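Asks: Below is a structure I'd like to ask you about.
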Amino acid sequence: MRGTAGEAGAVGRDHQLIASLAEYLETCGGTSSMVNGWYTRTEVRKGGGTAGTFDTYFFSPAGKRFRSRAEIARFFELEAAPAKSSKSLDVEERKAHKAAEKEAKRVQREAASVARQAEVEAERALRDRYPVPDERLVDEEPPEPPLGPRPPPLPPYIDGIAPSRMGDVLQVCDFLRALSADLQLPTYTPSELVTALQPSDAEPNPKLADLQQALLQLVLTDKGIGAWWGEPPPEPERPKAPVKASEPKPSGKPKWWEPEAKSPFKCDLAAILGTAEPASKTRRWVSQLETIAPMRTNTGVPIRQAVVTARAISTDPEVRRYLERALAAWRGNAAGTTKFGALWLASQVRRKRRQIWASNEMAEDEAVGPGEA
(Lines give C-alpha, C1' and ligand atoms only; values in the text may rest on other atoms or scores of the structure.)
Protein backbone atom coordinates (compact mmCIF):
# COMPACT_ATOMS: atom_id res chain seq x y z
CA MET A 1 0.00 0.00 0.00
CA ARG A 2 3.06 2.27 0.00
CA GLY A 3 4.11 4.31 -3.03
CA THR A 4 5.77 7.57 -3.96
CA ALA A 5 4.05 10.91 -3.64
CA GLY A 6 3.88 11.28 -7.45
CA GLU A 7 1.68 8.20 -7.82
CA ALA A 8 -1.09 9.71 -5.65
CA GLY A 9 -3.90 11.97 -6.75
CA ALA A 10 -5.70 9.89 -9.39
CA VAL A 11 -9.43 10.60 -9.34
CA GLY A 12 -10.52 6.99 -9.61
CA ARG A 13 -7.94 5.58 -7.20
CA ASP A 14 -10.39 5.30 -4.33
CA HIS A 15 -12.92 3.35 -6.44
CA GLN A 16 -10.20 1.07 -7.76
CA LEU A 17 -8.93 0.28 -4.27
CA ILE A 18 -12.44 -0.46 -2.98
CA ALA A 19 -13.16 -2.67 -6.04
CA SER A 20 -9.86 -4.49 -5.50
CA LEU A 21 -10.78 -4.95 -1.85
CA ALA A 22 -14.19 -6.43 -2.83
CA GLU A 23 -12.51 -8.94 -5.17
CA TYR A 24 -10.06 -9.89 -2.44
CA LEU A 25 -12.83 -10.51 0.07
CA GLU A 26 -14.66 -12.70 -2.46
CA THR A 27 -11.54 -14.84 -2.82
CA CYS A 28 -11.46 -15.19 0.97
CA GLY A 29 -15.07 -16.42 1.07
CA GLY A 30 -16.88 -13.11 1.47
CA THR A 31 -19.08 -10.94 -0.75
CA SER A 32 -18.56 -7.64 -2.50
CA SER A 33 -21.43 -6.06 -0.54
CA MET A 34 -19.28 -6.15 2.59
CA VAL A 35 -17.44 -3.03 1.47
CA ASN A 36 -20.50 -0.91 0.73
CA GLY A 37 -19.89 2.52 2.21
CA TRP A 38 -16.14 1.96 2.69
CA TYR A 39 -13.62 4.57 1.57
CA THR A 40 -9.88 5.16 1.52
CA ARG A 41 -7.57 7.96 2.58
CA THR A 42 -3.98 8.63 1.62
CA GLU A 43 -1.60 10.31 4.07
CA VAL A 44 1.90 11.59 3.27
CA ARG A 45 4.70 10.78 5.68
CA LYS A 46 6.33 13.96 6.96
CA GLY A 47 9.37 12.69 8.87
CA GLY A 48 11.94 9.95 9.14
CA GLY A 49 13.84 8.18 6.43
CA THR A 50 10.65 7.54 4.45
CA ALA A 51 9.49 11.18 4.40
CA GLY A 52 7.69 12.03 1.17
CA THR A 53 6.12 8.61 0.71
CA PHE A 54 2.45 8.02 1.42
CA ASP A 55 0.27 5.35 3.06
CA THR A 56 -3.27 4.43 2.06
CA TYR A 57 -5.74 3.31 4.76
CA PHE A 58 -9.19 1.71 4.47
CA PHE A 59 -12.04 3.05 6.60
CA SER A 60 -15.33 1.32 7.45
CA PRO A 61 -18.61 3.29 7.48
CA ALA A 62 -18.22 3.51 11.27
CA GLY A 63 -14.80 5.19 10.85
CA LYS A 64 -12.62 2.23 11.95
CA ARG A 65 -9.21 2.35 10.21
CA PHE A 66 -7.47 -0.69 8.61
CA ARG A 67 -3.93 -0.83 7.27
CA SER A 68 -4.29 -3.82 4.88
CA ARG A 69 -6.77 -6.07 3.09
CA ALA A 70 -5.69 -9.03 5.21
CA GLU A 71 -6.61 -7.10 8.36
CA ILE A 72 -10.06 -6.42 6.87
CA ALA A 73 -10.55 -10.10 6.05
CA ARG A 74 -9.70 -11.02 9.62
CA PHE A 75 -12.13 -8.32 10.79
CA PHE A 76 -14.96 -10.06 8.88
CA GLU A 77 -13.75 -13.45 10.25
CA LEU A 78 -13.51 -15.02 6.78
CA GLU A 79 -12.27 -18.60 6.64
CA ALA A 80 -9.55 -17.92 4.06
CA ALA A 81 -8.30 -14.78 5.80
CA PRO A 82 -4.51 -14.92 6.34
CA ALA A 83 -3.39 -15.30 9.93
CA LYS A 84 -1.32 -12.67 11.70
CA SER A 85 2.38 -13.02 11.22
CA SER A 86 4.51 -14.32 14.05
CA LYS A 87 6.33 -11.02 14.08
CA SER A 88 3.12 -9.07 14.78
CA LEU A 89 2.18 -11.53 17.53
CA ASP A 90 5.62 -11.16 19.11
CA VAL A 91 5.32 -7.38 19.09
CA GLU A 92 1.92 -7.51 20.82
CA GLU A 93 3.18 -9.99 23.40
CA ARG A 94 6.19 -7.80 24.15
CA LYS A 95 3.94 -4.76 24.56
CA ALA A 96 1.63 -6.63 26.93
CA HIS A 97 4.61 -7.94 28.90
CA LYS A 98 6.11 -4.46 29.24
CA ALA A 99 2.77 -3.02 30.35
CA ALA A 100 2.43 -5.75 33.00
CA GLU A 101 5.97 -5.11 34.26
CA LYS A 102 5.30 -1.36 34.41
CA GLU A 103 2.08 -1.88 36.41
CA ALA A 104 3.84 -4.29 38.80
CA LYS A 105 6.62 -1.74 39.42
CA ARG A 106 4.04 0.99 40.06
CA VAL A 107 2.21 -1.18 42.61
CA GLN A 108 5.54 -2.02 44.26
CA ARG A 109 6.50 1.66 44.51
CA GLU A 110 3.14 2.57 46.05
CA ALA A 111 3.44 -0.25 48.60
CA ALA A 112 6.97 0.88 49.52
CA SER A 113 5.75 4.49 49.91
CA VAL A 114 2.91 3.39 52.20
CA ALA A 115 5.33 1.32 54.28
CA ARG A 116 7.75 4.26 54.64
CA GLN A 117 4.91 6.57 55.66
CA ALA A 118 3.76 4.06 58.28
CA GLU A 119 7.29 3.88 59.69
CA VAL A 120 7.50 7.68 59.90
CA GLU A 121 4.12 7.89 61.65
CA ALA A 122 5.15 5.16 64.11
CA GLU A 123 8.41 6.98 64.94
CA ARG A 124 6.54 10.27 65.40
CA ALA A 125 3.97 8.64 67.70
CA LEU A 126 6.80 7.05 69.73
CA ARG A 127 8.55 10.42 70.11
CA ASP A 128 5.29 12.10 71.17
CA ARG A 129 4.59 9.43 73.76
CA TYR A 130 8.17 9.17 75.07
CA PRO A 131 9.81 12.57 74.40
CA VAL A 132 12.77 11.88 76.75
CA PRO A 133 15.44 9.45 75.43
CA ASP A 134 15.93 6.22 77.39
CA GLU A 135 19.58 7.00 78.23
CA ARG A 136 18.44 10.02 80.24
CA LEU A 137 16.07 7.97 82.41
CA VAL A 138 18.67 6.08 84.43
CA ASP A 139 17.41 7.45 87.74
CA GLU A 140 13.75 7.14 86.86
CA GLU A 141 11.47 6.00 89.66
CA PRO A 142 9.87 2.56 89.36
CA PRO A 143 6.51 2.52 87.60
CA GLU A 144 3.34 2.89 89.61
CA PRO A 145 1.45 -0.28 90.52
CA PRO A 146 -1.36 -1.21 88.14
CA LEU A 147 -4.86 0.03 88.82
CA GLY A 148 -7.34 -2.18 90.58
CA PRO A 149 -10.52 -3.56 89.04
CA ARG A 150 -12.82 -1.02 87.48
CA PRO A 151 -15.73 -0.04 89.75
CA PRO A 152 -19.24 -0.87 88.60
CA PRO A 153 -20.84 1.94 86.57
CA LEU A 154 -23.45 4.20 88.13
CA PRO A 155 -27.02 4.10 86.82
CA PRO A 156 -27.45 6.40 83.79
CA TYR A 157 -30.05 8.52 85.53
CA ILE A 158 -32.13 8.79 88.68
CA ASP A 159 -35.82 8.06 88.72
CA GLY A 160 -37.91 11.19 88.34
CA ILE A 161 -35.54 13.15 86.08
CA ALA A 162 -34.92 13.01 82.35
CA PRO A 163 -31.50 11.69 81.30
CA SER A 164 -30.68 14.94 79.46
CA ARG A 165 -31.10 16.92 82.72
CA MET A 166 -28.73 14.74 84.75
CA GLY A 167 -25.76 16.93 83.81
CA ASP A 168 -27.53 19.99 85.26
CA VAL A 169 -28.21 18.14 88.51
CA LEU A 170 -24.57 17.10 88.86
CA GLN A 171 -23.43 20.64 88.05
CA VAL A 172 -25.65 22.11 90.79
CA CYS A 173 -24.45 19.52 93.32
CA ASP A 174 -20.82 20.21 92.43
CA PHE A 175 -21.40 23.98 92.72
CA LEU A 176 -22.91 23.59 96.18
CA ARG A 177 -20.16 21.22 97.31
CA ALA A 178 -17.37 23.56 96.15
CA LEU A 179 -18.82 26.86 97.45
CA SER A 180 -20.97 25.80 100.39
CA ALA A 181 -18.36 26.86 102.98
CA ASP A 182 -17.66 30.28 101.43
CA LEU A 183 -21.27 31.16 100.57
CA GLN A 184 -22.91 29.36 103.52
CA LEU A 185 -25.07 27.20 101.27
CA PRO A 186 -26.48 23.76 102.09
CA THR A 187 -25.14 20.79 100.12
CA TYR A 188 -27.09 18.09 98.29
CA THR A 189 -26.39 14.70 96.83
CA PRO A 190 -27.93 14.10 93.39
CA SER A 191 -30.64 11.87 94.87
CA GLU A 192 -31.51 14.41 97.56
CA LEU A 193 -31.71 17.26 95.05
CA VAL A 194 -33.98 15.31 92.69
CA THR A 195 -36.25 14.32 95.59
CA ALA A 196 -36.44 17.92 96.82
CA LEU A 197 -37.37 19.22 93.37
CA GLN A 198 -40.29 16.80 92.90
CA PRO A 199 -43.68 18.60 92.96
CA SER A 200 -45.65 17.82 96.10
CA ASP A 201 -48.76 19.05 97.91
CA ALA A 202 -46.93 18.94 101.23
CA GLU A 203 -44.88 21.74 102.77
CA PRO A 204 -41.83 22.77 100.69
CA ASN A 205 -38.56 21.15 101.56
CA PRO A 206 -37.00 23.30 104.32
CA LYS A 207 -33.47 22.63 103.09
CA LEU A 208 -34.45 23.68 99.57
CA ALA A 209 -36.17 26.80 100.93
CA ASP A 210 -32.99 27.73 102.82
CA LEU A 211 -31.00 27.27 99.59
CA GLN A 212 -33.36 29.49 97.59
CA GLN A 213 -33.29 32.18 100.28
CA ALA A 214 -29.49 32.13 100.46
CA LEU A 215 -29.09 32.35 96.68
CA LEU A 216 -31.63 35.19 96.42
CA GLN A 217 -29.82 37.09 99.15
CA LEU A 218 -26.51 36.66 97.28
CA VAL A 219 -28.06 37.98 94.07
CA LEU A 220 -29.66 40.98 95.74
CA THR A 221 -26.47 41.96 97.55
CA ASP A 222 -24.24 41.53 94.48
CA LYS A 223 -22.98 44.97 93.44
CA GLY A 224 -22.10 43.77 89.95
CA ILE A 225 -25.64 42.66 89.07
CA GLY A 226 -26.18 45.91 87.17
CA ALA A 227 -23.70 44.78 84.51
CA TRP A 228 -26.17 42.06 83.49
CA TRP A 229 -29.59 43.68 83.88
CA GLY A 230 -28.73 47.37 83.81
CA GLU A 231 -29.14 49.94 86.50
CA PRO A 232 -32.71 50.70 87.62
CA PRO A 233 -34.07 53.92 86.13
CA PRO A 234 -33.84 56.97 88.36
CA GLU A 235 -37.02 58.08 90.03
CA PRO A 236 -38.47 61.25 88.50
CA GLU A 237 -38.12 64.36 90.56
CA ARG A 238 -41.34 65.56 92.08
CA PRO A 239 -42.18 69.20 91.40
CA LYS A 240 -42.06 71.46 94.37
CA ALA A 241 -45.23 73.24 93.29
CA PRO A 242 -48.18 71.82 91.37
CA VAL A 243 -48.04 72.54 87.68
CA LYS A 244 -51.35 73.54 86.22
CA ALA A 245 -50.53 72.90 82.59
CA SER A 246 -49.73 69.19 82.73
CA GLU A 247 -48.24 66.45 84.84
CA PRO A 248 -44.43 66.25 84.81
CA LYS A 249 -43.08 63.49 82.60
CA PRO A 250 -40.28 61.20 83.69
CA SER A 251 -36.93 62.13 82.27
CA GLY A 252 -35.72 59.87 79.45
CA LYS A 253 -37.51 57.11 77.60
CA PRO A 254 -38.53 53.92 79.45
CA LYS A 255 -36.01 51.11 79.71
CA TRP A 256 -36.57 47.92 77.77
CA TRP A 257 -37.58 45.92 80.85
CA GLU A 258 -40.30 48.36 81.91
CA PRO A 259 -43.93 47.46 81.11
CA GLU A 260 -44.59 50.82 79.45
CA ALA A 261 -41.65 50.50 77.07
CA LYS A 262 -42.52 50.48 73.38
CA SER A 263 -40.88 48.49 70.62
CA PRO A 264 -38.78 50.50 68.15
CA PHE A 265 -39.92 48.20 65.33
CA LYS A 266 -43.23 46.99 63.96
CA CYS A 267 -44.29 43.98 66.03
CA ASP A 268 -47.39 41.76 66.19
CA LEU A 269 -46.93 40.91 69.87
CA ALA A 270 -50.30 39.14 70.11
CA ALA A 271 -49.29 36.71 67.36
CA ILE A 272 -45.95 36.05 69.04
CA LEU A 273 -47.55 35.40 72.42
CA GLY A 274 -50.13 33.08 70.85
CA THR A 275 -47.65 31.14 68.74
CA ALA A 276 -47.73 27.37 68.30
CA GLU A 277 -43.95 27.24 68.57
CA PRO A 278 -42.69 24.62 71.08
CA ALA A 279 -41.99 26.10 74.50
CA SER A 280 -38.47 24.67 74.49
CA LYS A 281 -37.56 26.70 71.39
CA THR A 282 -39.14 29.84 72.83
CA ARG A 283 -37.03 29.50 75.98
CA ARG A 284 -33.90 29.01 73.88
CA TRP A 285 -34.26 32.11 71.69
CA VAL A 286 -35.37 34.27 74.62
CA SER A 287 -32.31 33.16 76.60
CA GLN A 288 -30.13 33.88 73.58
CA LEU A 289 -31.48 37.44 73.31
CA GLU A 290 -30.98 38.03 77.04
CA THR A 291 -27.24 37.51 76.63
CA ILE A 292 -27.16 40.91 74.88
CA ALA A 293 -27.92 42.81 78.12
CA PRO A 294 -24.30 43.37 79.31
CA MET A 295 -22.91 44.02 75.81
CA ARG A 296 -21.69 47.46 74.75
CA THR A 297 -23.54 49.08 71.87
CA ASN A 298 -20.44 50.64 70.28
CA THR A 299 -19.02 47.18 69.51
CA GLY A 300 -22.11 45.70 67.93
CA VAL A 301 -20.75 42.51 66.35
CA PRO A 302 -21.57 40.27 69.39
CA ILE A 303 -25.05 41.82 69.51
CA ARG A 304 -25.66 41.02 65.85
CA GLN A 305 -24.39 37.44 66.28
CA ALA A 306 -26.75 36.86 69.21
CA VAL A 307 -29.77 38.18 67.26
CA VAL A 308 -28.87 36.06 64.21
CA THR A 309 -28.60 32.95 66.43
CA ALA A 310 -31.96 33.66 68.08
CA ARG A 311 -33.60 34.11 64.66
CA ALA A 312 -32.18 30.73 63.54
CA ILE A 313 -33.52 29.02 66.70
CA SER A 314 -37.09 30.33 66.44
CA THR A 315 -39.59 28.66 64.13
CA ASP A 316 -42.26 31.35 64.53
CA PRO A 317 -42.45 33.50 61.37
CA GLU A 318 -43.51 36.65 63.25
CA VAL A 319 -40.51 36.36 65.62
CA ARG A 320 -38.17 35.90 62.66
CA ARG A 321 -39.64 38.94 60.85
CA TYR A 322 -39.27 41.10 63.98
CA LEU A 323 -35.63 40.06 64.48
CA GLU A 324 -34.93 40.74 60.79
CA ARG A 325 -36.22 44.30 61.30
CA ALA A 326 -33.92 44.61 64.32
CA LEU A 327 -30.97 43.43 62.24
CA ALA A 328 -31.81 45.94 59.51
CA ALA A 329 -31.32 48.74 62.07
CA TRP A 330 -27.98 47.34 63.26
CA ARG A 331 -24.85 49.48 62.90
CA GLY A 332 -21.40 48.25 63.86
CA ASN A 333 -20.59 51.14 66.23
CA ALA A 334 -24.19 52.11 67.10
CA ALA A 335 -26.23 48.98 67.85
CA GLY A 336 -28.35 50.52 70.59
CA THR A 337 -31.63 50.31 68.65
CA THR A 338 -31.08 46.66 67.77
CA LYS A 339 -30.15 45.86 71.38
CA PHE A 340 -33.19 47.68 72.79
CA GLY A 341 -35.61 45.99 70.36
CA ALA A 342 -34.24 42.48 70.99
CA LEU A 343 -34.26 42.82 74.79
CA TRP A 344 -37.74 44.42 74.70
CA LEU A 345 -39.13 41.35 72.90
CA ALA A 346 -37.38 38.95 75.30
CA SER A 347 -38.77 40.80 78.36
CA GLN A 348 -42.30 40.87 76.91
CA VAL A 349 -42.33 37.12 76.27
CA ARG A 350 -40.78 36.30 79.64
CA ARG A 351 -43.26 38.57 81.44
CA LYS A 352 -46.44 37.44 79.64
CA ARG A 353 -45.64 33.73 79.16
CA ARG A 354 -44.26 32.91 82.58
CA GLN A 355 -45.84 29.47 82.52
CA ILE A 356 -43.34 28.09 79.99
CA TRP A 357 -40.54 28.64 82.52
CA ALA A 358 -42.34 26.62 85.19
CA SER A 359 -40.42 23.53 86.34
CA ASN A 360 -43.19 21.08 85.39
CA GLU A 361 -43.49 22.61 81.88
CA MET A 362 -39.73 22.27 81.32
CA ALA A 363 -39.77 18.71 82.63
CA GLU A 364 -42.55 17.77 80.18
CA ASP A 365 -40.53 19.20 77.28
CA GLU A 366 -37.54 17.13 78.30
CA ALA A 367 -39.67 13.98 78.55
CA VAL A 368 -41.16 14.54 75.10
CA GLY A 369 -37.77 15.09 73.45
CA PRO A 370 -36.74 17.40 70.62
CA GLY A 371 -37.97 15.07 67.88
CA GLU A 372 -41.59 15.05 69.17
CA ALA A 373 -41.90 18.66 70.31
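Asks: Just to be sure before I move on: is Glu23 farther than 14 Å from Phe66 by Cβ and either at pLDDT 80 or above or open to solvent by 70 Å² or more (accessible area, probe 1.4 Å) (or both) in the structure I sent? Explain how you work it out, then say what you get.
Replies: Details: farther than 14 Å from Phe66 by Cβ: yes; either at pLDDT 80 or above or open to solvent by 70 Å² or more (accessible area, probe 1.4 Å) (or both): yes.
Against the criterion (farther than 14 Å from Phe66 by Cβ and either at pLDDT 80 or above or open to solvent by 70 Å² or more (accessible area, probe 1.4 Å) (or both)), Glu23 qualifies.
Asks: Given the residues Glu135, Glu192, Glu141, Glu203, which is the only one that is part of a helix (DSSP H, G or I) and at pLDDT below 75? Break it down stepwise before answering.
Replies: Numbers: Glu192 fails: at pLDDT below 75; Glu141 fails: part of a helix (DSSP H, G or I); Glu203 fails: part of a helix (DSSP H, G or I).
Answer to the selection: Glu135.
Asks: Looking only at residues in segment 146-158 that are modelled with pLDDT of 65 or more and open to solvent by 100 Å² or more (accessible area, probe 1.4 Å), which one is farthest from Pro190 (Cα to Cα)?
Replies: Keep residues of segment 146-158 that are modelled with pLDDT of 65 or more, which gives 146-153.
Subset that is open to solvent by 100 Å² or more (accessible area, probe 1.4 Å): 146-147, 149-150, 152-153.
Values: Pro146: 31, Leu147: 27, Pro149: 25, Arg150: 22, Pro152: 18, Pro153: 16 Å.
Across segment 146-158, the extreme among qualifying residues is Pro146.
Asks: Across segment 307-351, what is the total count of residues that are part of a helix (DSSP H, G or I) and among the acidic types (Asp, Glu)? Please lay out each step first, then the result.
Replies: Start the filter on segment 307-351 by keeping residues that are part of a helix (DSSP H, G or I), which leaves 307-313, 317-328, 336-351.
Next, only the ones that are among the acidic types (Asp, Glu) stay: 318, 324.
Final tally of qualifying residues: 2.
Asks: Checking Pro233 against (1) modelled with pLDDT under 70; (2) more than 22 Å from Ser287 (Cα to Cα); (3) exposed (fewer than 14 other Cβ atoms within 10 Å of the Cβ), which single condition isn't satisfied?
Replies: Failed condition: (3).
Asks: When you look at Ser88, is it open to solvent by less than 60 Å² (accessible area, probe 1.4 Å), modelled with pLDDT of 80 or more and over 21 Å from Arg13 (Cα atoms), yes or no?
Replies: Details: open to solvent by less than 60 Å² (accessible area, probe 1.4 Å): yes; modelled with pLDDT of 80 or more: no; over 21 Å from Arg13 (Cα atoms): yes.
When the stated conditions are applied, Ser88 does not pass them.
Asks: Please work out if Arg177 is in a helix (DSSP H, G or I) and either at pLDDT below 80 or of a type in the set (D, E, K, R) (or both).
Replies: Answer is yes for this residue.
Asks: Residues that are assigned to a helix (DSSP H, G or I), within 34 Å of the chain's Cα centre (by Cα) and at pLDDT 75 or above: does segment 257-272 have at least one?
Replies: Step one: list which residues in segment 257-272 are assigned to a helix (DSSP H, G or I), which gives 269-272.
Still in the running and within 34 Å of the chain's Cα centre (by Cα): 271-272.
Pick out the ones that are also at pLDDT 75 or above and you get 271-272.
Checked segment 257-272: at least one residue is assigned to a helix (DSSP H, G or I), within 34 Å of the chain's Cα centre (by Cα) and at pLDDT 75 or above.
Asks: Filter segment 76-85 for residues that are open to solvent by less than 90 Å² (accessible area, probe 1.4 Å) and at pLDDT 65 or above and give the result.
Replies: Passing the criteria: Phe76, Leu78, Pro82.
Asks: Continuing with this model, one more query. Here is a check on your reading of the model: is Ser32 loosely packed, with under 15 Cβ neighbours inside 10 Å, out of contact with any strand residue (DSSP E or B) (no Cβ under 8 Å at 6 or more places or on another chain), modelled with pLDDT under 80 and among the hydroxyl-bearing types (Ser, Thr, Tyr)? Can you show your working first?
Replies: Details: loosely packed, with under 15 Cβ neighbours inside 10 Å: yes; out of contact with any strand residue (DSSP E or B) (no Cβ under 8 Å at 6 or more places or on another chain): yes; modelled with pLDDT under 80: no; among the hydroxyl-bearing types (Ser, Thr, Tyr): yes.
No: the conditions fail for Ser32.
Asks: Scan segment 298-337 residue by residue and report those that are of a type in the set (Val, Ile, Thr) and either closer than 18 Å to Cys267 by Cα or in contact (Cβ under 8 Å) with a residue 40 or more places away in the chain (or both).
Replies: Kept after step one, since they are of a type in the set (Val, Ile, Thr), are these residues of segment 298-337: 299, 301, 303, 307-309, 313, 315, 319, 337.
Val307, Val308, Thr315, Val319, Thr337 - these are the residues of segment 298-337 that are of a type in the set (Val, Ile, Thr) and either closer than 18 Å to Cys267 by Cα or in contact (Cβ under 8 Å) with a residue 40 or more places away in the chain (or both).
Asks: When you check Asp210 against the structure, is it open to solvent by 60 Å² or more (accessible area, probe 1.4 Å), assigned to a helix (DSSP H, G or I) and farther than 27 Å from Ser280 by Cα, yes or no? Break it down into steps so the answer makes sense when it comes.
Replies: Values: open to solvent by 60 Å² or more (accessible area, probe 1.4 Å): yes; assigned to a helix (DSSP H, G or I): yes; farther than 27 Å from Ser280 by Cα: yes.
Answer is yes for this residue.
Asks: Val219 - would you say it is farther than 23 Å from Gly167 by Cα, in contact with a helix residue (DSSP H, G or I) (Cβ under 8 Å, 6 or more places away or on another chain) and in a helix (DSSP H, G or I)?
Replies: Numbers: farther than 23 Å from Gly167 by Cα: yes; in contact with a helix residue (DSSP H, G or I) (Cβ under 8 Å, 6 or more places away or on another chain): yes; in a helix (DSSP H, G or I): yes.
For Val219, the condition - farther than 23 Å from Gly167 by Cα, in contact with a helix residue (DSSP H, G or I) (Cβ under 8 Å, 6 or more places away or on another chain) and in a helix (DSSP H, G or I) - is met.
Asks: When you scan segment 315-325, do you find a residue that is within 31 Å of the chain's Cα centre (by Cα), among the aromatic types (Phe, Trp, Tyr) and open to solvent by 20 Å² or more (accessible area, probe 1.4 Å), even just one? Before you say what the answer is, go through the steps one by one.
Replies: Keep residues of segment 315-325 that are within 31 Å of the chain's Cα centre (by Cα), which gives 315-325.
Going one step further and asking which of them are among the aromatic types (Phe, Trp, Tyr), we end up with 322.
Applying the additional criterion that residues be open to solvent by 20 Å² or more (accessible area, probe 1.4 Å) yields none.
No.
Asks: Which of (1) exposed (fewer than 14 other Cβ atoms within 10 Å of the Cβ); (2) part of a helix (DSSP H, G or I); (3) modelled with pLDDT of 80 or more is the odd one out, the single condition Ala62 does not satisfy?
Replies: Just one mismatch for Ala62, condition (2).
The values are calculated or read from the model by the stated rules, or taken from the named source; none is laboratory data. All values reported here derive from a predicted model rather than from experimental measurement. Ideal geometry is used to build each Cβ from the backbone, glycine not excepted, and the neighbour counts take in all protein chains shown. Quick note on the areas: whole protein, heavy atoms, side chains included, nothing else; ligands and nucleic acids left out. Shrake-Rupley method; radii C 1.70, N 1.55, O 1.52, S 1.80 Å.
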